[in-house]
Protein chains: 2
Amino acid sequence: MVAALRRSMILGLDIGGANTKAASSDGRIGERIYLPLWKGAPLGAVLDKFAKLEPDAVAVVMTGELADCYSNKLSGVMSIKSAVEAAFNCPVHFWGVSGFDWKETIDLAASNWYASASLIAKEMGDCIFADMGSTTTDLIPIRGKPLAAKTDYKRLINGELIYTGMLRTNLCALLREAMIQGDVVPLSSELFAITADAYLALDRISEEGYTCDTPDGAGMNRDASLRRLSRTVCADLEEIGEAGALAIAEQAYDRQHNILVNAIQRLAKRHDLSVIAASGVGEDIIARAAHTAGMGCTRLSERYGRKVSDIFPAYAVARLLSETI
Amino acid sequence: MVAALRRSMILGLDIGGANTKAASSDGRIGERIYLPLWKGAPLGAVLDKFAKLEPDAVAVVMTGELADCYSNKLSGVMSIKSAVEAAFNCPVHFWGVSGFDWKETIDLAASNWYASASLIAKEMGDCIFADMGSTTTDLIPIRGKPLAAKTDYKRLINGELIYTGMLRTNLCALLREAMIQGDVVPLSSELFAITADAYLALDRISEEGYTCDTPDGAGMNRDASLRRLSRTVCADLEEIGEAGALAIAEQAYDRQHNILVNAIQRLAKRHDLSVIAASGVGEDIIARAAHTAGMGCTRLSERYGRKVSDIFPAYAVARLLSETI
């Protein structure tokens, strides 16, 4: 009776536009795969791989429906939903912005933050749940329950979705101009460098932490990042030197920090909250912003382990399902 | 003796990162080909096609060396120079930032504006030569001779290179946030929509004028552009409606206008100039900015014809060569 001895395995999936993440409700499995849907990445093949883990049930959240390979969100949700249902033989439960008990298919759009914040509401109480991923940062006020708006558009307006991330943010979206050797230099509007380049140049991520495509297809190493940073001001690295390239990186880092501090302070004031629960690959960046904003901060890596913090929505939706079945 | 009756044909080439342009010194030939070098577009094949025109001499300017397929500008210049030399059997003359008589290969980098402004200096005298292309805008003060700095980096600092264009500019580089139905909505930092989408939605370019890739690979039509504009605020077109998408387009247009007006005024004051010579696919946008800035304006399309204005650097370098041989 080996089967009966096996503990029930519930797998949570978080299918984003750039990354797909998987976690088991017991925290043992935790995986992130760079899978850019807008480039036609093989979602089905990756899901088939996860199906080989033979989960007893699967819980799913998503944000990938915004990827511009889909003409609108509903068609994105339906495509992702079909792919998951085709890959698994076990029961598959989708979590929407009203939980597992959703009515309209569009309710499954942009639902991953709601799973995370629902679990945090149960386990940590009132706080701002902050999850900084490769691409975006969720700031979810929790008072008894998650209070954020239910669409990405409304969350942008409320400052509950900050479209800046640890890796993929185009530097020209952060910085209009950089101060280099006493000159104010406007940045090019191309996709020449991203936050991963700034953080790698500043030794705040490792080469292994650069888990997305490079803008120019060149290397994920410090020299290549310094060259990309130089290109943002139409310069060779030899023209502005390492000090010039690092100045751009530092200013991008500062600007992102200030954006996060302002957003946190705005929400903390509006909802009278004083504690941050920080998670995601940018957990350290959030913790620093919380400190500057004068907020208390709990890192989810300390409470749940680093692996789980990095992919918290996948873990959270698995946990939420495990508590209902 | 048919050959002797044939007038000497001098072909000018302007090889940019996104477009390659060709013009004859007599203005009869004028062609623009979208040829994104950073995507590995077939420069050699296009040059072979121009070689079939059997020019007697070729004059070349470039800016394509900044494309991020090249590790630095020198390797970009050398690669482009080799490609041109391989394609033509006739004499090929490269124009650099000191004219045809250059010393260092790197002097050929970012030289196209200098050819245009040198011709305008001869033919129109003191003014600001303004050339708005798909990607960037050159603003070159002319007092006796072109006065702009000789590298893109220094021109950015001086406000002589404005990295904003008629077609390819990522909207998030122009607008941090848009006002939509009374809400201030921050824009996503993805490449979801470009200025071509704003101008097409506003009927300021035609579908045929959308001569670059769409960000999502979808259509070059007004509905597809409205969808892309909506995506910049993480919304479906159905969520914000056509009025919402048009509000984003209008604000991008206004922002670009203000950037150009400020840059023109700054240079006009610094060099005591009161006239603009406007050219490029964005000639109309420049003319409007000149008007707002209180400057006189001559459109090069009126003086040289529309075809020549759109690809002025290629025409200018052909003319400059024709006057030396």
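Values in this text are rule-based calculations from the coordinates and carry no lab data. Here the structure is a predicted model, which is why all the values come from computation and not from measurement. Here Cβ is always computed from backbone atoms with ideal geometry, including for glycine, and neighbour counts include all displayed protein chains.
Placing one equal scatterer on every Cα of the range A:160-210 and applying the Debye formula, the log10 ratio I(q)/I(0) at q = 0.23 Å⁻¹ is -0.91. Overall dimensions of the protein assembly as shown, expressed as equivalent-ellipsoid semi-axes from the Cα gyration tensor (√(5λ), whole Å, largest first), are 50, 25, 22.
For chain B, give me the percentage of DSSP beta bridges that are antiparallel, rounded to the nearest 5 percent. Numbers along the way, then the final one.
On the way: 26 of 44 bridges.
Around 60 percent antiparallel, to the nearest 5.
Among A:242-251, B:8-17, B:212-221, sorting by the average number of other beta carbon atoms lying within 10 angstrom of each residue, highest first, gives B:8-17, A:242-251, B:212-221. Dimensions of the range A:78-207 from C-alpha coordinates, computed as largest minus smallest value along each principal axis and given longest first, are 59, 37, 28 Å. Based on alpha-carbon atoms, the Kirkwood radius and the radius of gyration of the range B:71-139 give Rg/Rh equal to 1.01. Note on the range B:200-325: Rg/Rh from C-alpha atoms, Kirkwood Rh, equals 1.07.
For peptide B:69-79, how many partner chain Cβ atoms fall within 10 Å of a residue's Cβ, on average? Please report the intermediate quantities before stating the final value.
Numbers: counts 3, 3, 7, 8, 6, 2, 1, 1, 0, 0, 0.
That average works out to 3.
By how many nm would the segment from A:Arg222 to A:Asp183 grow when fully extended, if each residue of separation counts as 0.36 nm and the alpha-carbon distance is taken off? Show your work: numbers first, answer last.
On the way: separation 39, 0.36 × 39 = 14.04 nm, distance 2.43 nm.
11.6 nm is the gain from fully extending A:Arg222 to A:Asp183.
Computing Rg and the Kirkwood Rh from the Cα coordinates of chain A gives a ratio, Rg/Rh, of 0.99. Label-to-label distance, A:Asp203 versus B:Ser274, with points set 7 angstrom from Cα along the beta-carbon direction: 5.9 nm. Distance between the 7 Å Cα→Cβ label points at A:Lys150 and A:Glu242: 5.4 nm. Comparing B:Ala130, B:Ala22, B:Ala67 in a Gaussian network model of chain B where C-alpha atoms under 10 Å apart are linked, the largest mean-square fluctuation is found at B:Ala67. Subtracting the Cα-Cα distance of B:Arg143 and B:Ala86 from 0.36 nm times their residue separation leaves 16.8 nm of extension gain.
Using only atoms on other chains, find how many Cβ atoms lie within 10 Å of each Cβ of peptide A:189-195 and report the average. Write out the running numbers ahead of the final one.
On the way: counts 15, 14, 6, 3, 1, 1, 1.
Taking the mean over all residues of the peptide, I get 6.
Here the range A:79-120 and the range A:216-285 have alpha carbon centers that stand 32 Å from each other. Projected over all directions and averaged, the alpha-carbon convex hull of the range B:42-107 occupies 4.4 nm². Placing one identical point scatterer on every Cα of the range A:1-136 and ignoring solvent, what is log10 I(q)/I(0) from the Debye formula at q = 0.09, 0.10, 0.12, 0.21 Å⁻¹? Debye curve over Cα of the range A:1-136, log10 I(q)/I(0) at q = 0.09, 0.10, 0.12, 0.21 Å⁻¹: -0.26, -0.33, -0.47, -1.39. Quick one: of the DSSP bridges fully inside the protein assembly as shown, what percent are antiparallel, nearest 5? Around 60 percent antiparallel, to the nearest 5. When Rg and Dmax are taken over the Cα atoms of the range A:279-325, they come to 12.5, 42 Å. Between B:Leu171, B:Leu300, B:Leu147, the residue with the greatest mean-square fluctuation in the GNM of chain B (Cα pairs under 10 Å linked by springs) is B:Leu147.
Spread over its residues, the convex hull of the C-alpha atoms of the range B:133-226 is 141 Å³ per residue.
What average count of beta carbons from other chains do you get within 10 Å of the Cβ of residues in B:133-139? Numbers along the way, then the final one.
Details: counts 0, 0, 3, 4, 0, 0, 0.
Mean shielding count: 1.
Largest mean-square fluctuation among A:Glu104, A:Glu160, A:Glu31, in a Gaussian network model of chain A whose springs join Cα atoms under 10 Å apart, belongs to A:Glu104. Only alpha carbons enter this Debye calculation for the range B:173-270, each as an equal point scatterer, and the log10 of I(q)/I(0) it gives at q = 0.16, 0.18, 0.19, 0.20 Å⁻¹ is -0.64, -0.78, -0.86, -0.93.
Extension gain for B:Ser98 to B:Lys39 (0.36 nm times residue separation, less C-alpha to C-alpha distance): 18.2 nm.
Mean sequence separation of contacting Cα pairs (under 8 Å, at least six apart), scaled by the length of chain B, corresponds to a relative contact order of 20 percent.
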